[in-house]
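Undergrad: Shown below is the structure under consideration.
The values are calculated or read from the model by the stated rules, or taken from the named source; none is laboratory data. The model shown is predicted, which means the values in this text are computed figures rather than measured ones. Don't worry about glycine lacking a Cβ; one is built from the backbone with ideal geometry, like all the others, and counts go over all protein chains shown.
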Number of protein chains: 2
Amino acid sequence: MAIARAVRSPYGSRGIRTFSHDGALIQEKRAEIVRSACRVFIRKGYDGTSMRDLAKAAGRSTGAFYHYIGSKKDILYLILDFTVMNQQEFLERMRDSTREMGTVQAITEAIRIYLESFEEYADMHIFVNHVMVKLVRNERRMMLDAAQRVGEFFEELLQRGIRQGEFREGDTKMLAQNIVVLGNSWVNRRWFWKKYFTLEQYAQGQTEILLRAITLADRYETEHGERTIAKSTAGR
Amino acid sequence: MAIARAVRSPYGSRGIRTFSHDGALIQEKRAEIVRSACRVFIRKGYDGTSMRDLAKAAGRSTGAFYHYIGSKKDILYLILDFTVMNQQEFLERMRDSTREMGTVQAITEAIRIYLESFEEYADMHIFVNHVMVKLVRNERRMMLDAAQRVGEFFEELLQRGIRQGEFREGDTKMLAQNIVVLGNSWVNRRWFWKKYFTLEQYAQGQTEILLRAITLADRYETEHGERTIAKSTAGR
């Protein structure tokens with residue numbers, strides 16, 4: 001059965017798989033369980049959630065659910081596993097689609113992909129962030145490492161931009177981590193952001209703020225066809 | 001007794017008090033309870049923490065602890081109350097100390113005060129962030145409103161800078177919220193930040209990134225005595 005296969009292969013026992021090793025259907029089934037479980041966990045807390053709650057959220061009877069999933073801990077591992085795979089997957093997507101681009105365009109596109117993937121599994125990211133303190137050391141390590149690979153990707157992109165003379169010298173570690181934080185900020189503060197911005201506006205606005213900070217000023221102004229500096233200076 | 005007075009006055013029943021209404025000793029006692037409780041809650045989770053754990057963390061016998069505090073919920077209210085007061089307090093401090101400053105200096109100083117206050121009660125901010133989902137609507141509203149006042153302060157500061165010709169036109173709502181997020185990012189990702197930055201370096205680096213994004217380019221370069229643009233352009 002799909003659920004059984006989706007749940008077996010406990011997280012950590014054989015490293016990170018990529019989506020491509022699994023059939024699309026199993027992957028879909030897995031995503032479904034992760035989504036419904038995370039929604040319940042966020043609302044009731046991990047400790048306050050029963051297997052009955054989880055079965056109900058997944059649209060199954062408790063008996064049927066137990067047939068495939070031994071315990072709440074299984075679901076937790078499924079979620080952690082899925083999160084790591086998901087991060088691996090969008091990291092590959094960011095790499096592939098930006099390889100041929102100039103750094104300004106590449107960073108714009110990578111931020112868009114990164115934020116869209118956060119939006120797609122917003123509840124999962126919120127839950128994983130909350131459950132982190134409950135994990136044992138090597139589980140937590142694995143989750144943090146996955147997040148760090150995203151930071152390293154952006155750091156390399158920033159450094160490439162500096163080498164190529166597109167970006168000014170700067171603290172690429174801090175800037176890259178700030179980009180990583182954009183995803184968490186979007187899902188954790190969606191009550192605020194969504195009052196004022198769509199995801200697209202958020203991605204564009206944050207990219208513009210970032211580019212203003214790192215792009216050589218004359219170049220940025222020229223590329224965007226603005227003359228803000230000249231205007232403001234003249235106005236004084 | 002100090003603890004009893006510290007704990008009574010349930011959160012929400014009489015609005016926000018400021019530190020100045022209370023004796024320094026009671027305030028200290030309160031801070032002590034909040035600190036020790038938040039440390040335990042983060043480690044064991046709110047649901048997984050017993051009154052015995054809380055008493056032990058506060059260095060008291062369970063009996064003595066119950067004498068002053070009726071339930072775990074009392075402690076939760078104490079923490080929420082304290083958080084709102086604390087935010088009120090550093091907001092006033094930010095206002096008072098930046099009133100006479102130019103906007104660049106004001107924003108630099110306000111970010112420093114804001115981040116230092118987050119560092120001082122890091123566990124509390126982490127816990128409150130985690131417990132938010134458990135709150136009833138008007139409790140949550142009160143916590144979010146307190147956080148929003150900080151965002152509004154920074155938004156006004158940014159708008160003042162634009163009016164005075166110090167900052168370029170830009171999305172002040174997004175920028176202000178990004179500053180608010182700097183505090184959460186510091187406490188939630190301290191495992192990362194502290195590997196590379198002290199709080200002082202973090203505050204300085206983030207302020208510099210922000211100022212690069214919002215300051216009119218020629219002005220920023222001149223004030224900081226740098227000639228990055230000229231140099232980089234020449235190097236191409």
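Undergrad: Within the set of pairs 6+ apart or on separate chains, which have a first residue in the stretch B:40-59 that is in contact (Cβ under 8 Å) with a residue 40 or more places away in the chain, a second that is buried (at least 18 other Cβ atoms within 10 Å of the Cβ) and assigned to a loop (DSSP other than H, G, I, E, B), and C-beta atoms under 9 Å apart?
TA: B:F41/B:T49; B:Y46/A:G45
Undergrad: May I pose another question? Pull out all pairs, ordered by first then second residue, where Cβ-Cβ is under 9 Å, the residues are six or more apart or on different chains, the first lies in the stretch B:122-134 and is facing chain A (nearest Cβ under 9 Å), and the second is among the small types (G, A, S) and surrounded by fewer than 18 Cβ atoms within 10 Å (Cβ to Cβ).
TA: These pairs meet every condition: B:K134/A:G48.
Undergrad: Looking for whichever is more than 14 Å from every other protein chain (Cβ to nearest Cβ) and surrounded by fewer than 17 Cβ atoms within 10 Å (Cβ to Cβ) here; the options are B:R30, B:R93, B:R60. Which one fits?
TA: Unique residue meeting the criteria: B:R93.
Undergrad: Can you tell me which residue within the stretch B:135-162, out of those that are among the hydrophobic types (A, V, I, L, M, F, W, C), under 18 Å from B:F82 (Cβ atoms) and without any contact (Cβ under 8 Å) to a residue 60 or more places away in the chain, is surrounded by the fewest Cβ atoms within 10 Å (Cβ to Cβ)?
TA: Across the stretch B:135-162, the extreme among qualifying residues is B:L144.
Undergrad: In the set B:M101, B:M94, which member is outside any helix (DSSP H, G or I) and either over 16 Å from B:A31 (Cα atoms) or charged (D, E, K, R) (or both)?
TA: Exactly one residue qualifies, and that residue is B:M101.
Undergrad: All but one of (1) in a helix (DSSP H, G or I); (2) within 14 Å of chain B (Cβ to nearest Cβ) hold for A:E116, so report the exception by its number.
TA: Failed condition: (2).
Undergrad: Residue check: is B:E109 touching a Phe, Trp or Tyr at 6+ places or on another chain (Cβ under 6 Å) and either more than 26 Å from A:T207 (Cβ to Cβ) or crowded, with 18+ Cβ neighbours inside 10 Å (or both)?
TA: no
Undergrad: Applying the selection to the stretch B:179-205, what residues are under 15 Å from B:L158 (Cβ atoms) and more than 7 Å from every other protein chain (Cβ to nearest Cβ)?
TA: Once the filter is applied, which keeps residues that are under 15 Å from B:L158 (Cβ atoms) and more than 7 Å from every other protein chain (Cβ to nearest Cβ), the stretch B:179-205 yields B:I179, B:V180, B:L182.
Undergrad: Please determine, by comparing only the residues of the stretch B:167-176 that are facing chain A (nearest Cβ under 10 Å) and not aromatic (F, W, Y), which one is farthest from A:W186 (Cα to Cα).
TA: B:R168
Undergrad: Can you pull out the residues in the stretch A:65-75 that are touching a helix residue (DSSP H, G or I) at 6+ places or on another chain (Cβ under 7 Å) and either surrounded by fewer than 20 Cβ atoms within 10 Å (Cβ to Cβ) or free of Cβ contacts under 8 Å to residues at least 60 places away in the same chain (or both)?
TA: If the condition is that a residue be touching a helix residue (DSSP H, G or I) at 6+ places or on another chain (Cβ under 7 Å) and either surrounded by fewer than 20 Cβ atoms within 10 Å (Cβ to Cβ) or free of Cβ contacts under 8 Å to residues at least 60 places away in the same chain (or both), then A:F65, A:Y66, A:Y68, A:K72, A:D74 are the ones that fit.
Undergrad: A further question follows. Test A:A234 against the criterion of being at pLDDT below 90 and more than 10 Å from chain B (Cβ to nearest Cβ), and give yes or no.
TA: yes
Undergrad: If I ask for residues that are of a type in the set (S, T, Y) and either part of a helix (DSSP H, G or I) or closer than 25 Å to B:V128 by Cβ (or both), which ones from the stretch B:199-220 would you list?
TA: B:Y202, B:T207, B:Y220
Undergrad: Residue check, A:T108 against (1) away from chain B (no Cβ under 14 Å); (2) under 27 Å from B:I42 (Cα atoms); (3) touching a Ser or Thr at 6+ places or on another chain (Cβ under 8 Å), all met but one. Which one?
TA: Of everything listed in (1) away from chain B (no Cβ under 14 Å); (2) under 27 Å from B:I42 (Cα atoms); (3) touching a Ser or Thr at 6+ places or on another chain (Cβ under 8 Å), A:T108 misses just condition (2).
Undergrad: Of everything in the stretch B:184-198, what is surrounded by 18 or more Cβ atoms within 10 Å (Cβ to Cβ), assigned to a helix (DSSP H, G or I) and of a type outside the set (S, T, Y)? Give them in sequence order.
TA: B:N184, B:W186, B:V187, B:N188, B:F192, B:W193, listed by residue number.
Undergrad: I've got another one for you. Restricting to the stretch B:147-166, name every residue that is within 11 Å of chain A (Cβ to nearest Cβ) and either in contact with a strand residue (DSSP E or B) (Cβ under 6 Å, 6 or more places away or on another chain) or among the polar types (S, T, N, Q) (or both).
TA: B:Q148, B:Q164
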